[in-house]
1. Tell me which of these residue 28 doesn't satisfy, since it passes every other one: (1) part of a helix (DSSP H, G or I); (2) farther than 14 Å from residue 77 by Cβ.
2. Give the residue that is nearest to residue 31 (Cα to Cα), with candidates limited to residues of region 62-94 that are surrounded by 11 or more Cβ atoms within 10 Å (Cβ to Cβ) and more than 13 Å from the ligand (Cβ to nearest atom).
3. Output the residues belonging to region 54-81 that are touching a residue at least 12 places away in the same chain (Cβ under 8 Å) and part of a helix (DSSP H, G or I).
4. Quick one: in region 32-47, of everything that is under 20 Å from residue 16 (Cα atoms) and more than 8 Å from the ligand (Cβ to nearest atom), which residue is surrounded by the most Cβ atoms within 10 Å (Cβ to Cβ)?
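Here, each number is a calculation from the coordinates, and none is a lab measurement. In this text the structure is predicted, and so the values were computed from the model without any measurement. No Cβ is skipped: glycine too gets one built from the backbone with ideal geometry, and neighbour counts run over all protein chains shown.
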Ligand SMILES: Cc1cc2nc3c(=O)[nH]c(=O)nc-3n(C[C@H](O)[C@H](O)[C@H](O)COP(=O)(O)OP(=O)(O)OC[C@H]3O[C@@H](n4cnc5c(N)ncnc54)[C@H](O)[C@@H]3O)c2cc1C
């Protein structure tokens, strides 16, 4: 996790909290990069784990079982979390 003392030298923004970024957040929590501030912007707080969907339909798992709370995961990784939809990327002004 990024400590309060370390200055922010670089920003990384994850758009969407699906499988890829959920795994990346978990890895980041275990091994953060000093000086890098991570931000997650996602339309949903809960992301479904698609591999468990058939088990949910079959009644083996509850709705809660098959969802990952990406807000909590972001907090665990020391990342900022914004529940919102990204509408564009300003590459010119970075
Ligand atoms: C029924 C089903 C079963 C599957 N089973 C398996 C399996 O067993 N094993 C396997 O390896 N793969 C499986 N897959 C495939 C796997 O789910 C995908 O490959 C994986 O989810 C892709 O991850 P992702 O992070 O790229 O995108 P996604 O998981 O689709 O996540 C995208 C995220 O971005 C958010 N988002 C979208 N637009 C915006 C925006 N403008 N602003 C902010 N946020 C936004 C969405 O809300 C979502 O949270 C399955 C897929 C399905 C549908």
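1. Single failed check for residue 28: (2).
2. The residue in question is 77.
3. To start, the set of residues in region 54-81 that are touching a residue at least 12 places away in the same chain (Cβ under 8 Å) comprises 65-71, 73-74, 76-81.
70, 71, 73, 74, 76, listed by residue number.
4. The first filter runs over region 32-47 and keeps only residues under 20 Å from residue 16 (Cα atoms), leaving 32, 36-47.
Those left that are additionally more than 8 Å from the ligand (Cβ to nearest atom): 32, 36-40, 45-46.
Values: 32: 17, 36: 16, 37: 17, 38: 23, 39: 14, 40: 25, 45: 15, 46: 15.
The residue in question is 40.
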